[in-house]
Amino acid sequence: MIEVTGLTRTYGGFTAVDDVTFTCEPGRVTGFLGPNGAGKSTTMRVMVGLTPPTRGRVTIGGHLYRDLPNPGRHVGVLLDAGAQHAGRTGREILTLGARSMMLPRSRVDEMLHTVSLTDDEAGRRVRDYSLGMKQRLGIAHALLGDPEVLVLDEPANGLDPAGIRWMRDLLKGYARRGGTVLLSSHLLNEVELVADEMILIGRGRIVAQGDKQSLLAGAHHGEATTIVSALDPTALATALRACGLDPTPEGNGFKVAATTAEVGRAALEHLVVLTELRNGAAGLEDLFLELTSDTQRETAGAAA
Ligand SMILES: Nc1ncnc2c1ncn2[C@@H]1O[C@H](COP(=O)(O)OP(=O)(O)O)[C@@H](O)[C@H]1O
Ligand SMILES: [Mg+2]
C-alpha cells in the first residue's frame, strides 16, 4: 500500500507537484497517467526518498521509505532504466543488487529467466543494451527482493508490442498475488489495458482518479450525462419533463443530466420509441487529450 498525502514539490517559484493525494491498494495495478512534465517522475522520486517533498508525505506500508530497514525487500523501483552503470553486465548488476539485499545468488538466474534475458544477453555490458533490454533488466532488478510494492516509471518505454504484453501479464500476475503496483505512462493505451485504478495528473495536479471502469464511463465528472433521441422528439421532451428531467436539444435528440437508466425509464413510462440512448459524458480519452492538448504539438487529427 502506498499513501500519498498532500504532496507538493516546488522548484524555485515553479510547482512541479501540487497538493497530490492518492492511495495505491494491494492487489491492484494503479496507472499514473499524464503528459510529459505533468509531475509523475517527481512524485515517484519523492516516494522512494530521492527527492524531498516541499509539503506532504508518502508512506509505503505505513513507513517513510527512508525508515525501511532493507527497502529493496519491500519496494521494487524502476525510475530510469538508463541509470545503471554502463560498463557492467546485466548479470553483474543483478548480482550486486542481490548481494546488497542479502539474497541467494540463485535469485539472479530466476529474475533473468522471469524477464526473458538470455545468458548471452546477461553477459553483455549494459552500454550495448537496447532500451527494451534495459527496461527488462530494470524490472528484474525491481523484482529481485520479492517486494510487496512496485514503483515503475514509464516501464513500457522502448519495449516492442510483445514486450508490452509480456509486462502487462507480469504486472497483472504480481498484483493478483497481492502486490501493489504503481506504473506511470504518458500513453493512455499503455495503461488502459493493465491498470485496475487510474490516476490522471496534469500540470502537477490530479485531475481524475478512480477505478478504470467508472473513469472510462466518464464518472469523474460526478454527474451522469445521457444522449437520447426518439422517433417523436416532442413526445420524448414531454416525457422527460414529466419525469422531472430537463432535456437540452443536441444533434437529432437531447442531452439530459441523468443516467441512461433514468432516461430509458422515462421513455418507457410514456411509451416513447427511442432511436438512440447512450452515455454522453466525455470519456477518459477526451479528458486525457484535453490535458495533453497544450503540451503536445500533434493535433488530435495527426495523433489519431
Ligand atoms: N530538479 C528539477 N529542477 C527544476 N524543475 C524540475 C526538476 N525536476 C522536475 N522539474 C520540472 O517539474 C515538472 C514535472 O517533471 P516530471 O515530474 O519529470 O514530469 P513527468 O515525469 O510527468 O514527465 C517539469 O516541468 C520539470 O521540468
Ligand atoms: Mg517522467
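Worth pointing out:
- Farthest toward the positive end of the dipole of region 2-216, out of Thr42, Tyr11, Thr59, is the Cα of Tyr11, where the dipole comes from beta carbon charges about the Cα centre.
- Sorted ascending by nearby beta carbons within 10 Å, beginning with the fewest, His186, His113, His270 become His113, His270, His186.
- Among His141, His85, His74: highest mean-square fluctuation, GNM of the chain, C-alpha pairs under 10 Å: His85
- DSSP-defined beta bridges in the chain - what % are antiparallel, rounded to 5: 65
- Reachable lysines, given that their alpha-carbon falls under 22 Å from the alpha-carbon of Lys134 and they are not under 8 places away in the same chain: Lys40, Lys172
- Gyration tensor (alpha-carbon) shape descriptor, region 224-279, a/c threshold 1.5: rounded
- Helix-only mean residue ellipticity at 222 nm for the chain, each DSSP H run of n ≥ 4 adding -39500 (n - 2.57), per residue, nearest 500: -9500 deg cm²/dmol
- Cα-centred dipole magnitude for the chain, charges only on beta-carbon of K, R (+1) and D, E (-1), debye, nearest 20: 1180
- Inter-part distance, region 227-280 to region 59-118, computed on C-alpha centroids, equals 57 Å.
Coordinate-derived values only; no laboratory data. If you're wondering where the values come from, they're calculated on a predicted model, not measured in any experiment. All Cβ positions, even for glycine, are placed from backbone atoms using ideal geometry, and neighbour counts span all protein chains on display.
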